Each structure stands twice: as C-alpha cells, then as structure tokens.
2 protein chains.
Amino acid sequence: MNFCSHCGAPVSLKIPAGDSLPRHVCEQCGTIHYQNPKVVVGALAEWEDKILLCRRAIEPRYGFWTLPAGFMENNETCGEAALRETREEAGARIELGSMFTFIDLPHISQIHIIYRARLLDLEFSPGEESLDAILLGEADIPWDDIAFRSIDYTLKCFFEDRRKGEFELHSTSFAIPSPGTYR
Amino acid sequence: MNFCSHCGAPVSLKIPAGDSLPRHVCEQCGTIHYQNPKVVVGALAEWEDKILLCRRAIEPRYGFWTLPAGFMENNETCGEAALRETREEAGARIELGSMFTFIDLPHISQIHIIYRARLLDLEFSPGEESLDAILLGEADIPWDDIAFRSIDYTLKCFFEDRRKGEFELHSTSFAIPSPGTYR
Ligand SMILES: [Zn+2]
Ligand SMILES: [Zn+2]
C-alpha cells in the first residue's frame, strides 16, 4: 500500500496513538488503513459414498485438485459463500451441513472454513476456474495432487470421521508452509 | 474507495472479465481492489460460576457491556486474537477452550467468533478501551445494556448450555439489525 484510497495522498507506516502495531496512515487526511485476514470458504459435498472434487484451471496450483472454495464476499454469510463457490466452480447445487474444518493460516493471513454438504443432483459441470468437477470415492482421491494443505487436512478428517461414524468440528492452524507444499 | 492504493490513480467501479460483481478497478495500473468481510474475535472467560465482562470506554456503544473482542489482525490465528483482545481490554490472562459462537453479520460484512475460556488468575483490570472489567454471575448480567446483539446471543447460549451441562458450537446469522439495537 503506497497511497490513500480515500484522498490519493501518500501513506506512511506509523503506530497510531493508542495502537500497538504499525499501520498505513494517510499524511493528508489522517485515515488509518487497517489490513485484516481474509476468509476462504468451501464445501465438502457428498453423493452416496463419493465426494465432489474440482481440478483447478487457474493459478496458483493449476491442474491440482481441490474442494470448491474461494474468498468470502462482502454482504454474504459464510454459508452463502460456500453455496456460491460450489455453484461457480463445480456448477453444483448443494444443501449445507455444519461447519467441518476451521483452519488458521497466519503466515498468509487467511482462515479456511469448509462445510459438510449434500449434493442435490448430478447436474453439475466444471465452471470457468475448473478443468474438471467429478465425484470420487476414498480409494480414488489423488492424494499427491491436492492443491492446498487445508484441503488435504479436510479430506483426511472427513474419511477418518466417516469411519468412526461421527463428525465433529476440526480446528487447526498451519503456522508455516510445510516443505514442498504450496501453502 | 476513490484512489488506487498501489499507484494513486482514480479507481472506478466495474465488473472485471470473468467476474460477476462490480469491483474498484484502477484505471492506470489495472489493479482490482477486492473488499472482504472482517473477522471479530473474542472470549467468554469463566472463573468459578462467573464470567468476565467489560464496559466499553469507546464508541460505538460507549458505556455498554460486552465480552472482550475485537478485529483479528494479519499474521495471527483466531485463538491468538481472542487472547490478545482479552489482554488488551480486560488486562486478563486466559486459557482458551473451543469455539463457542460463530455469527454472520452480512449487513456489516463481519463475522463474530467467540471462544470459551478459563480465567487464569484474578490479576486483571480494564484496559484503555474499557471503563470496567468485572466478573458477573448470571443473575447480575445487565441484559438491557449489552453492547452488541452477537454478545447477547453468546451469553444466552452460554447460560442455556451450562444448565444443560453440555456445550456445543452455535452458528447463526443476523441478516438485518433488529429494531432498537445497534447491530
Ligand atoms: Zn488520505
Ligand atoms: Zn493503480
């Protein structure tokens, strides 16, 4: 951030009175420009014993597999974001279940939230950001080609909970990227 | 938003190619400035049968009661935000439990997340943003003077779950402000 989005004057990094962290402060109008974590929301949608996965048609991680997920928008709820992303990336209609994973990624200032869901019909097809959108059983999950660590974590929690016959909310945080993975 | 925070040129609202919503786009460098919901995190800290409440020394809702909570910062986890806000607003040290309420407020593009917590000692005192920080039992909660609807909801869920002897995650969304309340 170099300029004030309100008045266009240069900003500088300083600690405002009563604050403890450096912020981008406008030298002309005094506006303090806070920066905050972003929320990524997605869905793990089931159809019988299979789940809905997408193969990414965009960077980062072009060609790798993921659950439909994306940045939450202003003026929507977390659940609405999960429905929207699933429709956009997999062309799929789902019914939402409860929150399943909640993952802090402080090194990139993101939270990833995945909901359980039920696919409503088989009329789905990949959106512009996906190469494929398909249903896969546990034995066919491409474990070496999962796009993000949070998605890998979510899939592993899901199959483990399904074996136990009991699903619960899984919270974790990935403080630093693990070696050899993207995030 | 009037100006590009990257190059200082004017921005205009338009729908970028492949997108579906209007964004602030820079006419000079082409940067798309997305705006996303913010996350507010707090703690409901217990000491014996009492909980820790703060009376606000700042607007909005000066003089009203709340749980220690505030905007999550970049490069911290949700849990770290809850610890930090409790230290800043109540001068209190806590041990965090599990996520207790998750509240969507799409009309103000916020998510409020409150964790259960255990107060570690009685060495606490109000921070700069609080007039008071005190322990209160259920009978003494100032129900008519709670600062925010999400906090009122969280307190009610807490006392109800405590009576049942079983705590679970409560998710809800407040689509529009209810009459006569601030948020
Ligand atoms: Zn300015
Ligand atoms: Zn620009």
- Filter result for B:ASP104 (surrounded by 18 or more Cβ atoms within 10 Å (Cβ to Cβ) and in a strand (DSSP E or B)): yes
- Task: Report, by residue number, each residue of segment B:2-23 that is over 20 Å from A:ASN74 (Cβ atoms) and aliphatic (A, V, I, L, M).
- Result: B:ALA9, B:ALA17
- Message: Scan segment A:79-96 and tell me whether some residue there is of a type in the set (Ser, Thr, Tyr) and surrounded by 18 or more Cβ atoms within 10 Å (Cβ to Cβ).
- Response: yes
- Message: Of all residues being within 11 Å of chain B (Cβ to nearest Cβ) and without any contact (Cβ under 8 Å) to a residue 24 or more places away in the chain in segment A:51-86, which is farthest from B:MET72 (Cα to Cα)? Just the residue, please.
- Response: A:ARG84
- Item | B:ALA133 in contact (Cβ under 8 Å) with a residue 40 or more places away in the chain, surrounded by 22 or more Cβ atoms within 10 Å (Cβ to Cβ), more than 14 Å from chain A (Cβ to nearest Cβ) and small (Gly, Ala, Ser) | no
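For segment A:46-54, indicate whether the set of residues that are modelled with pLDDT of 95 or more and under 29 Å from B:VAL40 (Cα atoms) is non-empty.
no
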- Failed condition for A:LYS14, given (1) within 16 Å of ligand 1 (Cβ to nearest atom); (2) of a type outside the set (Phe, Trp, Tyr); (3) within 14 Å of another protein chain (Cβ to nearest Cβ): (3)
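Within segment A:110-126, is even one residue polar (S, T, N, Q), in a loop (DSSP other than H, G, I, E, B) and facing another protein chain (nearest Cβ under 10 Å)? Talk me through it step by step, then tell me what you get.
Filtering segment A:110-126 for residues polar (S, T, N, Q) gives A:110, A:125.
Within this subset, residues satisfying the condition of being in a loop (DSSP other than H, G, I, E, B) are A:125.
Of the ones still in play, those that are also facing another protein chain (nearest Cβ under 10 Å) are none.
Within segment A:110-126, none of the residues are polar (S, T, N, Q), in a loop (DSSP other than H, G, I, E, B) and facing another protein chain (nearest Cβ under 10 Å).
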- Query: Say we look at segment A:6-59 and pick out the residues that are in the same structural domain as A:THR77 (by TED's automatic domain parsing) and of a type in the set (Gly, Ala, Ser); which of these is farthest from ligand 2 (Cβ to nearest atom)?
  - Reply: A:ALA45
- Message: Let me spell it out: the conditions are (1) touching a Leu at 6+ places or on another chain (Cβ under 7 Å); (2) within 12 Å of chain A (Cβ to nearest Cβ), and B:THR31 meets all of them except one. Which number is the exception?
- Response: (1)
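The values are calculated or read from the model by the stated rules, or taken from the named source; none is laboratory data. Everything numeric here is computed off the predicted structure, so don't read it as measured data. Glycine gets a Cβ as well: all are built from the backbone with ideal geometry, and neighbour counts include every protein chain shown.
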